[in-house]
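First the structure, in the form of structure tokens, and then the observations on it.
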């Protein structure tokens, strides 16, 4: 039996998001055994993942405690860490998936691969020289492109599936739900429904997740208040406030309950109970990533409020028909690490209004035929499903992002003819960038040939290479080609200048070829100039 | 029982309390009540009930004849499915005065005794470090503690030499920044560095 280890050293939301890939792998490779490596603090999110044979964990808090308290010998934390990893090594995994792709997971993957070269790595690892070794083109996309493009053209979920090479599984409950919780939630909500139901009228229960793990992603108190009012005003709908079992969330829910004379229903749920709760709701409105992922895994309709640092196109809800409301503001998505620099601060929280959310909800649950977007400054994205490619699409994505996506597809050899066209002005800008990149590449190629012969670097080569690299910072499809080239150049390790020149030549030739492909694509995807 | 270095023990007198149980006397100090050591042990466990309730791991400073150990074990097992009890005692000889019940429990690993000569010996012992990792509550057995005040205070004040961590971290930093790696273990050292510096939070690594 083949054994696969998936390394995911991220938080709860990402642990749940991995259930899509795990389900797809289990379907595609039914005889394989799947294990997970997570941080101890994220372990509770693994309890309702399906079909995992073993959960390994790194107790980061303990290791940090040991390394910071002066009573422990310096080597103890390292020893404990090594024991954890060596236990994993001794299990004889055939495949390791570097899912979280952070520095720690990559170095652990590299250690496992170095110790046992027979291990097949999916994603990236580093060899002894420090070179980053991607398992395929999609591992490069995942490592070198997606993190550095603000409006990512590819969803993480799609990238994971393509990286592993398994088709996405649709419409399935992908987490296990405890029967006791399930019964409790079913009975409780049936009771609420029958109490509210009058004159044969069905009442739909709408979950509102009040808080997320990151305050940057939360919607404002006023928005929640107005949203509850709007839902209560609709006799066909009833709000269910969802909170996690923490005092601050209880207090927050209590605030709203007081405002509505203690008439609201508040459900306090841990992850396992939340999965059961979601399956019995008609829809959920959430700014929180864990709730969103769990709703996707339980096929619950979602209206996602996407504020803060998780870009919708990369990490948004993937339930077909779901709506993602993003603030129409240039700084979206913002950096998770930086403070808000906009005045007034966190204005994005006000741009997605209660009215927008309510209209989106009505559309999502089929009470409206149309929803063309927010009046208050929000931008809606609709999750659709593309049957030819097997993945989700976001209707409403800007043409530039779609163009970038079709370029990535072209590089991967995937034919896609549905990704729309580029407006003339944007196309012209892109054409100029391609021309500039092509010019620099030609100069660099000419110079590198002479370096390969003379063994002497030239200033012109350095300058043209620098210009190519500077394109990486631009928001253009050309930057995709130059970023791929940059990743390869950064991987060059030879001490020999002639060898380096030869390696650089190969990379530049590939870059030139990719720029040609991009030009071709641009010709196909440009809106013809209107003739007067 | 752990202890590598033999300590010089003064004469231990074994007396019998009014209730008929054994009470050791060392250098004139009675380690248990001469009236009813069992009752005293029950009071000991009651006095420390909160500590025992709060933590599934307890370290007791002083063994005596073990009356208080037996009671603490009983109470601890009532509150925790897995209760760990560790005793630190300078005099190895006291182990021979344990009751048969306690000897059985010791053999069954339901508690452990460490008799180190000094703190360095104790804090280099992996088994004891495993105990510490569970953040145990430390409870002094007052008569034993008073008898060995210096000994126990040295344990409580123990710190590794000040320059050890900076040197270790500096070496780790150097390995982290050095390519190519020499052995597989260097990957692990780099990973450990990333873990300590929480660089794993930063998302993708080679943007």
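None of the figures in this text is laboratory data; all of them are computed from the coordinates on show. Note that the coordinates shown come from a computational prediction; the quantities given were computed from them, not determined experimentally. All Cβ positions, even for glycine, are placed from backbone atoms using ideal geometry, and neighbour counts span all protein chains on display.
Can you tell me how the stretch A:430-490 classifies by the Cα gyration tensor, rounded, prolate or oblate, using a/c under 1.5 as the rounded cut? Because a/c hits 1.5 or more and a/b exceeds b/c, the stretch A:430-490 counts as prolate.
Structural size metrics of the stretch A:51-112, computed from C-alpha coordinates, are Rg and Dmax of 13.3, 42 Å. When the Gaussian network model of chain B links Cα atoms closer than 10 Å, the mean-square fluctuations of B:80, B:193, B:141 top out at B:193. As a proxy for reagent exposure, B:61, A:325, A:362, A:196 were ordered by neighbouring Cβ count within 10 angstrom, fewest first; the result is A:196, A:362, B:61, A:325.
Listing A:258, A:128 from fewest to most neighbouring C-beta atoms within 10 Å gives A:258, A:128.
Calculated FRET efficiency, residue A:50 and residue A:446, Cβ-Cβ r, R0 60 Å, to nearest 0.05? Don't skip to the end; give the middle numbers.
Working: r = 57 Å, r/R0 = 0.95.
Working from the Cβ atoms, E equals 0.60.
A simple spin-label model places pseudo-atoms 7 Å from Cα toward Cβ; at residue A:341 and residue A:176 they are separated by 4.8 nm. The overall shape of the stretch A:58-186, judged from the alpha-carbon gyration tensor, is oblate: a/c is not under 1.5, and a/b is no greater than b/c.
Expressed as a whole number of Å, what is the distance separating the alpha-carbon centroids of the stretch A:501-529 and the stretch A:96-169? Each part's Cα centre sits 25 Å from the other's. Take chain B, connect every pair of alpha-carbon atoms lying under 10 Å apart with a spring to form a Gaussian network, then pick out the residue of B:55, B:124, B:112 with the largest mean-square fluctuation. Result: B:124 has the largest fluctuation of those listed. Across the stretch B:1-154, the relative contact order, built from alpha-carbon pairs under 8 Å that are at least six residues apart, equals 28 percent.
Can you tell me the 0 to 90 degree angle between the C-alpha axis of helix A:424-454 and the longest principal axis of chain A, rounded to 10? In chain A, helix A:424-454 runs at an angle near 40 degrees to the longest axis. Taking chain B as a Gaussian network of alpha-carbon nodes connected by springs under 10 Å, the highest mean-square fluctuation of the residues B:181, B:87, B:120 belongs to B:181.
Computed from Cα atoms, the angle from the helix A:497-524 axis to the main principal axis of chain A rounds to 50 degrees. Principal-axis analysis of the Cα atoms of chain A puts helix A:478-490 at an angle of about 60° to the longest axis.
Per residue of peptide A:126-136, the mean number of Cβ atoms on other chains within 10 Å of the residue Cβ is 3.
When each of A:16, B:91, A:181 is scored by the number of other beta-carbon atoms lying within 10 Å, the sequence from fewest to most is A:181, B:91, A:16. Size check on the protein assembly as shown: the Cα extents along the three principal axes, sorted descending, read 116, 88, 54 Å. One chain, two ends: residue A:265 and residue A:196. Fully extended at 0.36 nm per residue, the span grows by 23.6 nm beyond their Cα-Cα distance.
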